[in-house]
Amino acid sequence: MPRKSQWVKVNFISIRKRNDMQSSDSLTVNGFRKAVDDFDAENISVLSNEQYSASKSKSKKLAMYVFIDAFGWEIYQKYGFLKDKLRHSRRLETTFGFSSAADPSILTGRYPDEHGHWSSFYYSPETSPFKWFRYLDLLPSAIFDRWRVRHLLSKLLAKIYGYTGYFELYSVPFGKLPYFDYLEKYDYFVPKGILNTDTIFDWCVENNINYYCSNWRDSEESIIKANMKIIQQGEIKMNYLYLPKLDGVMHNYGTNHLQVEEKIKWLEGQVEKVYEHACEYYDDVSLYVISDHGMADVTGSVDLIQEIEQLGLKFGQDYIAMYDSTMARFWFKNSKSKLLISQKLRSIKSGEIVSKEELQRMRVPQSDKKFGELFFLMTPGILINPSFMGLQVIPGMHGFHPEDKDSFATILSNREIDENINSITDIRKTMEFELADCLVPERLQ
Ligand SMILES: [Zn+2]
């Protein structure tokens, strides 16, 4: 067996057996972990130091993907981003819904009706892990409506249930939680994290391509540091630099605030720093900046929950509803509730019922109705407030119709962007293209 810090050849790909990995490294350096865990002793030959130096001095290529949450096309038009380096840009269609639909679509290169991920909460009283929450509903809401209390409770629950994905209870009333199950139980940034298909990370593992994916639980500062550290080792072929904080800044301040400008400037500086760093260790660095969706400024809100509750129907007995911030989804227990709720929704001018055909066109999984029997989508800029996602109107929001100008995502690159790259589901094609050379076995002497 190779000892610590020796270089080994596994299925023609040279990797370093990292006995010195810390637990957080082993969580995120997926390519390494898989390769090290699965290696077959018969397939290994140890490289001498000379052989290793020789392989290191060869021409090396890195595909750097920088993901900036909510860095939409309109935001890019307004603020720009590393225009001297990233000369190629394209507006990308996003998927209908929230990040829980868009991010898996980027990583899988497929639509929600294929990969199976759409909204975090779906109707499933039988499998709901929140059944016992109906007892908590008796406690004073003043305590449990506080965002911080719910956030801590979400963390605790994730630990108890062993959830590794992004888990948040938001503002879903405790009495309503027992009707729902939660989709994102497992981390889809590690291999085998997606319900129905693979991701680019599964593909890398399958093809023995070393890559690095940021740990989304860390701060942006430590994510950047970790990426630089791993790039310096010169062993990976792709890194996924995950920068999620611009989204929160724009939720809190809208798209036109000085805070947004400053955040984007800071991101530019950081991305440039990592890119320059990569150029020191690689001969050829393809840099891509990508996003999942844009951001719209909020111009108003509607108390949809009150409108529906005024109908006098009983939640749970007549209907079930999930009030997301930009849409409401309904399930019906009888035809009367379907009729009354549909009539009510048609009378509300700041939103509309999404037809089945349109849901199908937008590739929302519909076969088992777990995400909704009827969808009501708000006009861009108008929030449902209060909703099950929040109790206050905030200045910026996404999750409106994907054809709204503020919904579109972005791809920027120092490489030409092929004309068939037009949707966030096309980003994976660029990744596989960039990594195509690695599919040819690297034969070492
Ligand atoms: Zn967001």
Do any residues in region 239-252 that are of a type in the set (D, E, K, R) have Cβ atoms under 6 Å from those of residues that are more than 9 Å from the ligand (Cβ to nearest atom), where the two are at least six apart or on different chains, and which pairs are they? 245/220
Please identify the pairs in which a residue from region 135-149 that is modelled with pLDDT of 70 or more has its Cβ atom under 6 Å from the Cβ atom of a residue that is assigned to a loop (DSSP other than H, G, I, E, B), counting only partners at least 6 apart or on another chain. 136/174; 137/174; 137/175
Could you tell me how many of the residues in region 209-222 are surrounded by fewer than 21 Cβ atoms within 10 Å (Cβ to Cβ) and in contact with a strand residue (DSSP E or B) (Cβ under 6 Å, 6 or more places away or on another chain)? 2
Looking only at helices (runs of 4 or more DSSP H) that lie completely in region 78-193, which have at least 1 residues being within 16 Å of the ligand (Cβ to nearest atom) and within 30 Å of residue 360 (Cα to Cα)? 99-108
Taking region 193-204 on its own, how many of its residues are surrounded by fewer than 18 Cβ atoms within 10 Å (Cβ to Cβ) and at pLDDT below 90? 1
Single unsatisfied condition, residue 287 versus (1) within 13 Å of the ligand (Cβ to nearest atom); (2) buried (at least 20 other Cβ atoms within 10 Å of the Cβ): (1)
Restricting the search to region 64-77, which residues are away from the ligand (no atom under 12 Å from the Cβ), over 13 Å from the mean Cα position of the chain (by Cα) and of a type outside the set (Ser, Thr, Tyr)? 64, 73, 74, 75, 77
Can you find a residue in region 246-255 that is touching a Leu at 6+ places or on another chain (Cβ under 8 Å), within 16 Å of the ligand (Cβ to nearest atom), under 28 Å from residue 399 (Cβ atoms) and assigned to a helix (DSSP H, G or I)? yes
Name the single residue that is nearest to the ligand (Cβ to nearest atom) among those in region 379-396 being farther than 16 Å from residue 172 by Cβ and touching a helix residue (DSSP H, G or I) at 6+ places or on another chain (Cβ under 7 Å). 396
Kindly indicate whether residue 410 is of a type outside the set (Gly, Ala, Ser), modelled with pLDDT of 95 or more and away from the ligand (no atom under 16 Å from the Cβ). no
Residues located in region 211-245, provided they are more than 16 Å from the ligand (Cβ to nearest atom) and part of a strand (DSSP E or B): 211, 212, 213, 238, 239, 240, 241
Residues of region 389-421 classified as outside the structural domain of residue 98 (by TED's automatic domain parsing) and touching a Lys or Arg at 6+ places or on another chain (Cβ under 7 Å), total: 0
Could you tell me whether residue 326 is within 15 Å of the ligand (Cβ to nearest atom) and more than 20 Å from residue 80 (Cβ to Cβ)? yes
Considering residues of region 397-406 that are within 12 Å of the ligand (Cβ to nearest atom) and over 19 Å from residue 345 (Cβ atoms) only, the residue surrounded by the most Cβ atoms within 10 Å (Cβ to Cβ): 397
From the list 353, 348, 382, pick out the single residue that is of a type in the set (Val, Ile, Thr) and either buried (at least 22 other Cβ atoms within 10 Å of the Cβ) or within 24 Å of residue 246 (Cβ to Cβ) (or both). 382
Condition first: free of Cβ contacts under 8 Å to residues at least 60 places away in the same chain, hydroxyl-bearing (Ser, Thr, Tyr), more than 16 Å from the ligand (Cβ to nearest atom) and over 25 Å from residue 103 (Cβ atoms). Can you find one or more residues in region 293-316 that meet it? no
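Here's the yes/no breakdown for (1) modelled with pLDDT of 95 or more; (2) in contact with a helix residue (DSSP H, G or I) (Cβ under 8 Å, 6 or more places away or on another chain); (3) not hydrophobic (A, V, I, L, M, F, W, C):
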{"residue": "221", "(1), (2), (3)": "yes, no, yes"}
{"residue": "227", "(1), (2), (3)": "yes, yes, yes"}
{"residue": "230", "(1), (2), (3)": "yes, no, no"}
{"residue": "237", "(1), (2), (3)": "yes, yes, yes"}
{"residue": "268", "(1), (2), (3)": "yes, no, yes"}
{"residue": "271", "(1), (2), (3)": "yes, no, no"}
{"residue": "278", "(1), (2), (3)": "yes, yes, no"}
{"residue": "289", "(1), (2), (3)": "yes, yes, no"}
{"residue": "292", "(1), (2), (3)": "yes, yes, yes"}
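The values are calculated or read from the model by the stated rules, or taken from the named source; none is laboratory data. Please read all numbers here as calculations on a predicted model, not as lab measurements. Virtual Cβ from ideal backbone geometry, glycine too; neighbours counted across all protein chains shown.
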